[in-house]
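> If you scroll down you'll find the structure; I have some questions about it.
The values are calculated or read from the model by the stated rules, or taken from the named source; none is laboratory data. None of these values were measured; they are calculated from a predicted model. Here the Cβ positions follow ideal geometry from the backbone for every residue, glycine too, while neighbour counts run over all protein chains shown.
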Amino acid sequence: MKYYTFDCGCKFKLLDDNEDKEIPSIDFSLSLEDLNLDCKKTWDLISSGNTKGCFQLESRLGRSMAKKLRPANIEQLSALISIMRPGCLEAMRDNKSVSNHFIDKKNGQESIDYFDPCLESVLKPTYGEMIYQEQAMEIARIIAGFDLQEADVLRKAIGKKKVDLMAKVKKSFLKGAKKTGVTSIENATDIFGWIEKSQRYSFNKSHAISYAYNAYLSAYSKAHFPKIFFASYLKYAKDKIDPQQEVRELVQNATEMDIKITVPDLLLMNQNFCISNEKIYFGLTDIKNVGLSVYKKLIKLNEDYPIKDLCWTQCLFMILDNITSTAAKALASCGALDIYNKSRTSMLFEYEIILELTKKEKEYICGIDLEDFDLLGILNILLKKPRLNVNRKAIINNLIKSIENPPYSLDDKIEWMCDTENDLLGINLTYCKLDSYNISNVNTQCRDLKGLQPGAKVMMAAEIESFNIVKIKKGPNKGSDMCFVTARDSTGCCDSVIFFTEQLTLYRNELFEGNIVIIQGKTSKNGGLVVDKIYKPRG
């Protein structure tokens, strides 16, 4: 049996003997039992915050906290999943959340205190923080001599936040503490008070560990098989609350990982996302106005007239003319017909021309060897058709003149292509709107921001994707507005472009979706960009 070995040392069985292929045929049947839990490649991916699409870690909060905590084992990943929950984030001590206390202690930025020496064995794995219900159970066993049944009553009181039950357990706890004498009654009272407070945020460890294994498995898949990971995840993005935003974020993340995701290709005839020629292709049913019924019709047409053998004119009459006009226009507009090396505008223009022909005229045309003629040649042949009445001759003559002297340019405009792909696919893939501007004076792209030192001066061209104006909660500008902007370019996305009050006041009118701007500013310590100035680039 041959194996394919990744640079991190992980091995997978090969399904064939060709191990030199760029993507070898690998037996990707993972199970938790034989999963390598010490894979540096996987832990590096998690610690970098590149966890979009990873179970429990895909939100902006999950990505941010993974980057701050930098977990290196399942125990730490379990803790990360626990401290991300609302209770931990909202539970404050010394003006700092339990979550931030945990992160700072893990990173050596805060001293660790176990409250009482007898609790060190229970609290050491979580740096002195009680984040699990099971820790409260173990503390009750040590301090008060609780058996498993009594400890489980405590767990239920914590988990279900039952005040009356907690009061009863407290009496038993203090009575037991007096009996064991492990610590003073004063300490035992304080410890139980801590347990009571933990009701608001402690999580079930068995759940957290299960979640951690699943999070690791998805991160492991992303680290080793990113194309398969993205193609699979994109397929199910339609089930998300906001499918378009989900697809957009996944495509941007893939772009940052140098994975090419491109427009559909009619030749592939794939219904959903698929991998071909080292790229991920959108599926035909991922195109707006191309539903399952149209897809099934295309499959049938492809059986009768194999698309791989058709020239553009044949496709026009044999394929596009046999599906709905909205679907045909969508295929041409989004790039699914780029295989014919014609501008999308010209394909739409010629499709509109054939809509002017009658059914009988089209039947006559289909009797011609279409491979030998373009549309202009075909219309000239049609003009010589026997028994063509005067009105039809006039109409066809006008169509010929229209082709010879088009009423508008048939060249594709970058902005139109971007807007059309955005409408039909949810994201523009072929070009970025920035491509139609002069941005030669910029020194940074979105993907570069993460690698820059804090305070680095940046000049970056970007498209504003979204923005969120919030109130400043503390400091001298408390109550004033500030803004977080998500900006993108052809290399990816930055979701932390920050406008503080002064800059927001100056540039508020420039903050709208789709606006193209040059941003000047300095990098922040978390990989974001603090704005000094923005202005419009030259077209």
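> For ALA487, are the conditions met, namely being out of contact with any Pro (no Cβ under 8 Å at 6 or more places or on another chain), outside the structural domain of ARG248 (by TED's automatic domain parsing) and of a type in the set (Gly, Ala, Ser)? Can you show your working first?
Numbers: out of contact with any Pro (no Cβ under 8 Å at 6 or more places or on another chain): yes; outside the structural domain of ARG248 (by TED's automatic domain parsing): yes; of a type in the set (Gly, Ala, Ser): yes.
Yes; evaluated as a whole, the condition is true for this residue.
> Turning to a different aspect of this structure: How many residues are under 42 Å from the mean Cα position of the chain (by Cα) and either in a helix (DSSP H, G or I) or modelled with pLDDT of 85 or more (or both) if we restrict to region 152-192?
Keep residues of region 152-192 that are under 42 Å from the mean Cα position of the chain (by Cα), which gives 152-163.
This time we only want the ones that are either in a helix (DSSP H, G or I) or modelled with pLDDT of 85 or more (or both), so: 152-159, 163.
Within region 152-192, residues that are under 42 Å from the mean Cα position of the chain (by Cα) and either in a helix (DSSP H, G or I) or modelled with pLDDT of 85 or more (or both) number 9.
> Here is a follow-up. Within region 276-307, how many residues turn out to be at positive phi and within 23 Å of the chain's Cα centre (by Cα)? Let's see the steps before the verdict.
Within region 276-307, the first condition is being at positive phi, and the residues that meet it are 277-278, 289.
Those still in the list that are within 23 Å of the chain's Cα centre (by Cα) too: 277-278.
Within region 276-307, residues that are at positive phi and within 23 Å of the chain's Cα centre (by Cα) number 2.
> Right, next: Filter region 201-234 down to residues that are outside any helix (DSSP H, G or I) and of a type in the set (Gly, Ala, Ser), then give me how many there are. Give the derivation first.
Of all residues in region 201-234, those outside any helix (DSSP H, G or I) come to 201-204, 225.
From the residues that got through so far, the ones that are of a type in the set (Gly, Ala, Ser) too are 202.
Summing the residues that are outside any helix (DSSP H, G or I) and of a type in the set (Gly, Ala, Ser) in region 201-234 gives 1.
> Let me ask something else. Specify the residue that is surrounded by the fewest Cβ atoms within 10 Å (Cβ to Cβ); the eligible residues are those in region 520-539 that are of a type in the set (D, E, K, R) and at pLDDT 90 or above.
Applying the first criterion (of a type in the set (D, E, K, R)) to region 520-539 yields 522, 525, 532-533, 536, 538.
Right, trim to at pLDDT 90 or above and you get 522, 532-533, 536.
Values: LYS522: 15, ASP532: 14, LYS533: 13, LYS536: 11.
Among residues in region 520-539 that are of a type in the set (D, E, K, R) and at pLDDT 90 or above, the one surrounded by the fewest Cβ atoms within 10 Å (Cβ to Cβ) is LYS536.
> Could you run through region 316-355 and say how many residues are in a helix (DSSP H, G or I), among the small types (Gly, Ala, Ser) and crowded, with 19+ Cβ neighbours inside 10 Å? Break it down stepwise before answering.
So the first thing to find is which residues in region 316-355 are in a helix (DSSP H, G or I), and the list is 316-318, 320-322, 325-334, 338-340, 344-354.
From the residues that got through so far, the ones that are among the small types (Gly, Ala, Ser) too are 325, 327-328, 330, 332-333, 346.
Now narrow it down to the ones that are crowded, with 19+ Cβ neighbours inside 10 Å: 327-328, 330, 332-333, 346.
Of the residues in that region, 6 qualify.
> Quick check on region 452-471. Is at least one of its residues within 26 Å of the chain's Cα centre (by Cα) and either over 26 Å from TYR507 (Cβ atoms) or assigned to a helix (DSSP H, G or I) (or both)? Quick ask: steps written out before the conclusion?
Of region 452-471, the ones within 26 Å of the chain's Cα centre (by Cα) are 452-454, 458-470.
Pick out the ones that are also either over 26 Å from TYR507 (Cβ atoms) or assigned to a helix (DSSP H, G or I) (or both) and you get none.
No - not one qualifying residue is present in region 452-471.
> Out of region 276-296, which residues are surrounded by fewer than 17 Cβ atoms within 10 Å (Cβ to Cβ) and either closer than 17 Å to TYR351 by Cβ or in contact (Cβ under 8 Å) with a residue 60 or more places away in the chain (or both)?
The answer is GLU278, LYS288.
> Collect the residues in region 497-515 that are over 23 Å from LEU452 (Cα atoms) and surrounded by 13 or more Cβ atoms within 10 Å (Cβ to Cβ), keeping them in residue-number order.
The initial filter retains those residues of region 497-515 that are over 23 Å from LEU452 (Cα atoms), namely 501-502, 504-515.
Of everything in region 497-515, those that are over 23 Å from LEU452 (Cα atoms) and surrounded by 13 or more Cβ atoms within 10 Å (Cβ to Cβ) turn out to be THR501, GLU502, LEU504, LEU506, TYR507, ARG508, GLU510, LEU511, ASN515.
> Oh, and also: In region 87-140, what residues are closer than 22 Å to ALA208 by Cα and of a type in the set (Lys, Arg)?
Within region 87-140, LYS105, LYS106, LYS124 qualify.
> How many residues are within 19 Å of GLY514 (Cβ to Cβ) and surrounded by fewer than 14 Cβ atoms within 10 Å (Cβ to Cβ) if we restrict to region 441-486?
2
> Scan region 47-75 for residues that are under 15 Å from the mean Cα position of the chain (by Cα) and buried (at least 17 other Cβ atoms within 10 Å of the Cβ) and report the count.
Total meeting the criteria: 13.
> Right, something else. Looking at region 512-525, is at least one residue in a loop (DSSP other than H, G, I, E, B), in contact with a strand residue (DSSP E or B) (Cβ under 9 Å, 6 or more places away or on another chain) and farther than 23 Å from GLN252 by Cβ? Show your work before the answer.
Here is the first cut: in region 512-525, the residues in a loop (DSSP other than H, G, I, E, B) are 512-515, 524-525.
Filter once more, so that each one left must be in contact with a strand residue (DSSP E or B) (Cβ under 9 Å, 6 or more places away or on another chain): 512-515, 524.
If we keep only those that are farther than 23 Å from GLN252 by Cβ as well, we get none.
Looking through region 512-525, none of the residues is in a loop (DSSP other than H, G, I, E, B), in contact with a strand residue (DSSP E or B) (Cβ under 9 Å, 6 or more places away or on another chain) and farther than 23 Å from GLN252 by Cβ.
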